Amino acid sequence: MKKNYCCFCLLIGLAFTSQAQENILKNTIGLRIGNNHGLGIEISYQKKLLPKNRLELDLGWTNDNNTDAIKITGIYQWYWNIEKDLDWFTGFGGGIGTWNTNDNYNNVYGNDNGVFAVICGDVGIEYNFKDIPIQLAIDLRPEFVFNNYQKNDFGFNLGLAMRYKFK
């Protein structure tokens, strides 16, 4: 009985693994539009690392009423299939960036700027079109930012991405 149970679990695991391997693309590149600390746009690149894992690198610019920021983020992601071309993913990562406050928003002496660090998580869903090499994704990134213009800050970055798939 134990042997049959182990074989059954192994077969189920192999089925999920092979399904995920078919859907992971070797590379994608595109744009991600997010909303933490104002509207931001990122150039987004994903690279397959292992059958169920990938690395996402994002280089972006964001601005709100008082501050402009440039940030690079790296996120290690796990990837699972929900149904046919629909997948979900989760991950964690971090990044660094620079900001420039262009008025007296947080500094009575005038302009202010600095360097910041980010620790983030990531969870989202994506759809991979079969007939065209396009991927659409929506994700939520809880971010803790160290040393930004508001000093230390926690926020949620909700993003929508469209990427081109290639090998």
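A compact table of results
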read-out: Label-to-label distance, nm, for residues given as Lys47 and Asp153 (7 Å Cα→Cβ offset); value: 3.0 nm
read-out: In Å, descending, principal axis extents of the Cα set of the stretch 63-104; value: 51, 19, 11
read-out: Proximal aspartates and glutamates relative to Lys130, as straight alpha-carbon distance under 14 Å, when same-chain residues fewer than 8 apart are discounted; value: Glu22, Glu83, Asp85, Asp87
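Rule-based calculations on the coordinates, nothing more; no lab input. The shown structure was predicted, so the numbers you read here are calculated from the model rather than taken from an experiment. All Cβ positions, even for glycine, are placed from backbone atoms using ideal geometry, and neighbour counts span all protein chains on display.
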